[in-house]
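J.: Below you'll find the structure I mean.
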Amino acid sequence: MKCSKCQFDNPDATNFCGKCGMPLTADARKTYGLADKAEVVYGDRLLPIGLAEGCTLQRDVKAGQVLSYDDVELPKGRLCDELRTWQENQYQTWKISEKCR
Ligand SMILES: [Zn+2]
């Protein structure tokens, strides 16, 4: 299946482009469309859907499996990733202050 973004020719039955990480099928686009509590998201290092575009998969994932930061390589130098790290740090700081009350 040819990738619509980078034109890489992927084998059939591939959910994500092997070169640029673009979701190629409807199943792939559903893979990370789940929401959970902040403690689960940060604890399991889940990848937000809004940050998935442009990432490169580092290993095979099953259809329907939630993606984590361990499954992908992020594009370099994105402001959105810096903001996500800042957000997580804010959450961790808030969690610590809640425990101290
Ligand atoms: Zn591609």
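None of the figures in this text is laboratory data; all of them are computed from the coordinates on show. Note that the coordinates shown come from a computational prediction; the quantities given were computed from them, not determined experimentally. Don't worry about glycine lacking a Cβ; one is built from the backbone with ideal geometry, like all the others, and counts go over all protein chains shown.
J.: For the stretch 26-75, what is the convex hull volume of its Cα atoms per residue in Å³?
T.: 74
J.: Volume per residue, Å³, of the convex hull around the alpha-carbon atoms of the chain?
T.: 94
J.: Moving on to the next point. Treat every Asp and Glu Cβ in the chain as -1 and every Lys and Arg Cβ as +1, leave all other atoms uncharged, and give the resulting dipole magnitude about the Cα centre to the nearest 20 debye.
T.: Computed about the Cα centre, the dipole is about 180 debye.
J.: For the stretch 26-75, give the magnitude of the charge dipole about the Cα centre (Cβ charges: +1 Lys/Arg, -1 Asp/Glu; no others), in debye to the nearest 20.
T.: In total the dipole reaches around 140 debye.
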